[in-house]
Amino acid sequence: MVNDVAVIGFAQSPSVPVTDGTTNGVEMLVPVFERALAQAGLPKSDVGFWCSGSSDYLAGRAFSFVAAVDAIGAFPPIHESHIEGDAAWALYEAWLKLRTGEADTALVYGFGKSSAGELRRVLALQTDPYTVAPLWPDAVSLAALQARLGLDAGLWSERDMAEVAARSRADATTNPLAQLSGKVDVEELLGTEYVADPLRVHDCAPVTDGAAAVVLAAGDRARELVGRPAWISGIAHRVESGSLGVRDLTTSVSTTASAEAAGGVDGVEVAELHAPFTHQELLLRQALGLGSSVRINPSGGVLTGNPMFAAGLVRIGEAAGRVFDGSAGRVLAHATSGPLLQHNLVCVLEGAR
Amino acid sequence: MTQVSDTEPLGAPLRIAFDYTRSLGPSLSRFATALREHRVLGVRGSDGRVHTPPPEYDPVTAALLTDFVDVGPGGEVVTWSWQPKPLDGQPLTRPFAWALIRLDGADTPMLHAVDAPREAMRTGMRVRVRWSPEPTGGIRDIACFEPEESAGASPTPDPAEVTMITTPIELAYWHTASPEESRFLRGITEGRLLGQRCPVCGKVYIPPRGACPVDGVPTTDEVALPDRGTVTTFCVVNVPYLGQRLTPPYVAAYVLLDGADIAFQHLILECPADEVRMGMRVEAVWRPREEWGPTLENIDHFRPTGEPDAPYDVYAQHL
Ligand SMILES: [Zn+2]
């Protein structure tokens with residue numbers, strides 16, 4: 001019998017445009033580990049498995065994640081792993097470790113200093129290296145192509161997109177770690193210049209430096225440590241073709257398939273969606289089949305703070321937080337990776353188990 | 001909490017560049033060779049749809065695809081976005097449109113740039129390839145697309161088989177040293193060697209680090225260290241390499257400064273390479289003061305002091 005696994009702790013750094021720290025994230029991670037472990041009531045020495053997500057392309061140096069291990073204090077030797085990608089996928093790896101009983105606790109972390117380079121250009125290197133990356137298509141321009149497909153098809157309007165931005169920033173007023181927040185007027189947003197027609201500034205997630213950590217525990221260990229663990233009832237990820245042209249960019253079949261494999265959206269009260277562009281939130285809601293009663297991104301989402309390679313993990317942490325505080329019984333977190341929602345992960349969490 | 005946060009961290013620009021050379025395999029070789037001949041190729045998928053650029057394997061069934069067909073050079077804009085400020089490396093340096101373009105005879109669209117005024121751009125518009133005057137075999141042989149009605153004459157093609165592409169990649173960063181490293185770098189600019197002590201285990205790190213790798217806590221107390229120490233381990237460099245400053249053979253060694261718990265790498269000169277040994281006592285030879293900057297290169301090299309060798313026990317825990 002495999003173990004049930006729960007999220008029992010979560011912490012994130014403030015989302016900021018620039019940090020003084022290094023690209024290896026050590027300075028951001030030390031306090032984040034401290035707070036996540038304190039919430040879980042777990043001493044650092046008891047962590048059975050450490051797993052991180054980050055990117056050398058963002059850091060501008062090879063093996064940048066190795067220096068981040070300093071923040072752990074890796075002596076006596078620890079059980080550790082890293083993925084080049086969003087730490088939501090590091091959480092997936094840790095979940096497997098706990099399911100199979102190889103460890104009974106894990107700390108998953110992600111970090112990124114996007115301000116060190118030119119993010120939209122760095123992300124061009126995620127595309128096909130033979131026929132696409134040599135053109136240096138930046139991430140904002142690509143997202144704009146996707147946004148127009150939906151606009152032309154009547155799936156969303158520029159006003160719908162601005163409303164997503166306004167709602168996100170209003171929600172972020174209760175999130176002290178958000179980078180952008182406040183009451184904004186949709187008319188005013190629609191009056192601003194395009195940065196990449198049909199996208200305006202408010203349609204794009206800000207460039208953010210930040211880090212986050214999630215603590216996992218299995219079975220009775222989770223019950224011992226915290227009063228209300230957020231049990232992972234399902235988690236799955238699916239990837240689509242690396243060729244942009246063959247995909248239907250107006251929906252996300254990989255998100256739909258992930259949600260099905262993770263147990264479906266029935267009864268989900270809150271969803272934290274990893275949508276770095278306003279139209280992608282609208283697209284994901286449709287792909288997931290989330291009705292109007294589902295509360296979307298009460299944290300403000302990545303449109304109000306987008307720490308690269310941590311932002312997907314933050315969605316899981318924020319969703320778990322709704323279970324910790326008793327405000328929801330069944331929640332969904334989504335994470336994405338690759339150009340135009342190429343690779344998607346869905347994690348469903350529940351209170352009682 | 002720390003004594004080091006009162007100064008701004010040091011930073012410097014960092015440019016990383018590499019020419020990625022990739023072999024193309026059968027499908028992309030045909031695609032690239034055709035581009036050089038001013039033809040665009042697609043490949044027919046398992047479901048009959050024609051894809052361009054041609055994937056080697058069907059995106060749905062993963063079957064090997066070999067039924068190549070000519071597509072374009074004209075096509076239709078499926079979607080577009082406007083790039084008001086082109087970035088380094090993009091196909092055009094003046095404002096242009098990105099577009100997914102469905103070439104005549106293809107079913108799936110391909111990405112490229114369209115050189116047209118902002119007002120001319122619309123979904124469904126007809127465009128055609130503008131060939132690069134200097135084909136190299138690759139997607140950049142298509143300089144861009146242009147509105148069909150304004151298309152000019154094409155340069156003469158250069159037929160030659162293409163099996164490799166080279167893609168220059170260059171990224172620019174602002175690289176920041178940690179607050180602790182910045183203290184070290186400011187110290188060495190004045191000829192001082194500043195380490196830091198971990199508040200938990202008491203180990204002294206030079207250069208200091210953002211967190212003690214044993215305890216995961218920031219190092220705090222500053223410790224001034226002398227510019228002499230012990231060779232813990234070393235290697236004799238016999239291999240020439242690009243950018244090498246010295247003529248082999250020479251010695252690169254780990255030097256453990258007196259009072260430090262971590263060694264750093266430096267050169268041991270002023271003695272024959274075969275005389276360098278573990279435990280050898282060495283001292284820093286500094287460059288002229290006017291050449292000093294925020295770098296460990298202020299120390300040109302280390303040389304033997306002539307003191308008796310340190311006993312193994314002294315450095316055994318620092319190997
Ligand atoms: Zn220590």
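Does B:GLY72 count as buried (at least 20 other Cβ atoms within 10 Å of the Cβ), more than 10 Å from chain A (Cβ to nearest Cβ) and at positive phi?
For B:GLY72, the condition - buried (at least 20 other Cβ atoms within 10 Å of the Cβ), more than 10 Å from chain A (Cβ to nearest Cβ) and at positive phi - is met.
Kindly establish whether B:GLY138 is in contact (Cβ under 8 Å) with a residue 12 or more places away in the chain, within 19 Å of B:HIS38 (Cβ to Cβ) and within 8 Å of chain A (Cβ to nearest Cβ).
So B:GLY138 passes the test.
Matching residues to (1) part of a strand (DSSP E or B); (2) within 16 Å of B:VAL129 (Cβ to Cβ); (3) modelled with pLDDT under 95:
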position: B:VAL43; (1), (2), (3): yes, no, no
position: B:SER46; (1), (2), (3): no, no, yes
position: B:PRO55; (1), (2), (3): no, no, yes
position: B:VAL60; (1), (2), (3): no, no, yes
position: B:VAL77; (1), (2), (3): yes, yes, no
position: B:SER81; (1), (2), (3): yes, no, no
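Restricting the search to region B:209-225, which residues are assigned to a loop (DSSP other than H, G, I, E, B) and either surrounded by fewer than 18 Cβ atoms within 10 Å (Cβ to Cβ) or within 12 Å of the ligand (Cβ to nearest atom) (or both)?
If the condition is that a residue be assigned to a loop (DSSP other than H, G, I, E, B) and either surrounded by fewer than 18 Cβ atoms within 10 Å (Cβ to Cβ) or within 12 Å of the ligand (Cβ to nearest atom) (or both), then B:ARG209, B:ALA211, B:CYS212, B:PRO213, B:VAL214, B:ASP215, B:GLY216, B:VAL217, B:PRO218, B:THR219, B:THR220 are the ones that fit.
Of all residues in region B:83-107 being in a strand (DSSP E or B) and over 21 Å from A:LEU199 (Cα atoms), which is nearest to the other protein chains (Cβ to nearest Cβ)?
B:ARG102
Counting only residues that are under 30 Å from B:ARG30 (Cβ atoms) and away from the ligand (no atom under 16 Å from the Cβ), give me the strands (runs of 3 or more DSSP E) lying completely in region B:124-208 with at least 3 of them.
It comes to B:126-131, B:142-147, B:164-176.
If A:SER55 passes every condition in (1) closer than 13 Å to A:VAL108 by Cα; (2) more than 11 Å from chain B (Cβ to nearest Cβ); (3) of a type in the set (Gly, Ala, Ser) but one, which one does it miss?
The one condition A:SER55 does not meet is (1).
Do we have any residue at all in region B:188-205 that's in contact with a Leu (Cβ under 6 Å, 6 or more places away or on another chain) and over 30 Å from A:LEU119 (Cα atoms)?
The answer is yes; a qualifying residue exists.
Report every pair of residues separated by at least 6 positions or lying on different chains whose Cβ atoms are under 9 Å apart, first residue within region B:204-225 and more than 16 Å from A:GLU34 (Cβ to Cβ), second away from the ligand (no atom under 11 Å from the Cβ) and among the basic types (Lys, Arg).
B:PRO208/B:ARG183; B:GLU222/B:ARG183; B:ALA224/B:ARG192; B:LEU225/B:ARG192
Which of (1) facing chain B (nearest Cβ under 7 Å); (2) touching a residue at least 60 places away in the same chain (Cβ under 8 Å); (3) surrounded by fewer than 19 Cβ atoms within 10 Å (Cβ to Cβ) does A:ALA116 not meet, given it meets every other one?
Going through the list (1) facing chain B (nearest Cβ under 7 Å); (2) touching a residue at least 60 places away in the same chain (Cβ under 8 Å); (3) surrounded by fewer than 19 Cβ atoms within 10 Å (Cβ to Cβ), A:ALA116 breaks only (3).
Condition check: buried (at least 24 other Cβ atoms within 10 Å of the Cβ) and not polar (S, T, N, Q). Does A:ALA352 satisfy that?
no
Take the residues of region B:233-261 that are touching a residue at least 60 places away in the same chain (Cβ under 8 Å) and outside any strand (DSSP E or B): which is nearest to the chain's Cα centre (by Cα)?
B:ALA260
Would you mind stating whether B:ALA172 is of a type outside the set (Asp, Glu) and either over 30 Å from B:ALA12 (Cβ atoms) or modelled with pLDDT under 90 (or both)?
no
Is one or more of the residues making up region B:222-243 of a type in the set (Ser, Thr, Tyr) and in contact with a Pro (Cβ under 8 Å, 6 or more places away or on another chain)?
no
Would you be able to tell me the number of residues in region B:166-192 that are of a type in the set (Asp, Glu) and more than 10 Å from chain A (Cβ to nearest Cβ)?
Within region B:166-192, residues that are of a type in the set (Asp, Glu) and more than 10 Å from chain A (Cβ to nearest Cβ) number 1.
The values are calculated or read from the model by the stated rules, or taken from the named source; none is laboratory data. Not measured: the values here are computed from a predicted model. Backbone-built Cβ (ideal geometry, glycine too); neighbour counts: all protein chains shown.
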